[in-house]
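Take a look at the structure below.
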Amino acid sequence: MADNEVRIVAMVVAAERNDRAVESALAAVITAAPVTAVRWSAEDLSGVD
């Protein structure tokens, strides 16, 4: 992924499909304050992370 690209990920767990919940989860991610310069490498992670 290039430095000027943005990846937006949202997950909704529900007993049944709920489009409103999906839309709300995406809206929460999109409207959240931006996070910059957060990157992890394999060395930064452990089996308990």
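Find the residue count for the range 33-49, including only residues that are within 13 Å of the chain's Cα centre (by Cα) and either at pLDDT 70 or above or surrounded by 10 or more Cβ atoms within 10 Å (Cβ to Cβ) (or both).
The qualifying residues number 2.
Take the residues of the range 1-32 that are loosely packed, with under 10 Cβ neighbours inside 10 Å and acidic (Asp, Glu): which is modelled with the highest pLDDT?
My answer is Asp19.
The values are calculated or read from the model by the stated rules, or taken from the named source; none is laboratory data. Here the structure is a predicted model, which means the values were calculated and not measured. Cβ: placed from backbone, ideal geometry, glycine included. Neighbour counts: every protein chain shown.
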